[in-house]
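**Student:** Quick one: the structure is below, questions incoming.
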Amino acid sequence: MASIWTYYLPIGPTAFILSVLIMILVSAVTVGGKVINTASLNPAYTLRNE
């Protein structure tokens, strides 16, 4: 059986930085969409249903 280290590729800090940036982008888009959706609601409708 061949060694698994034959196919080993070192992972640099670029992969971690890129993954963190993608996570921040996805969370910002998600939270931003929720904020815009909530801000566009009619306050009278929200208060009437409470």
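Computed from the coordinates by the stated procedures, all read-outs in this text should not be read as laboratory data. This is a predicted model, so every value here is computed, not measured.
**Student:** To the nearest 10 degrees, how steeply does helix 13-39 sit against the main Cα axis of the chain, on a 0 to 90 scale?
**Tutor:** So the inclination is approximately 10 degrees.
**Student:** Can you grab the distance from the C-alpha centre of segment 1-15 to the C-alpha centre of segment 24-46, Å, no decimals?
**Tutor:** Going from one Cα centre to the other spans 42 Å.
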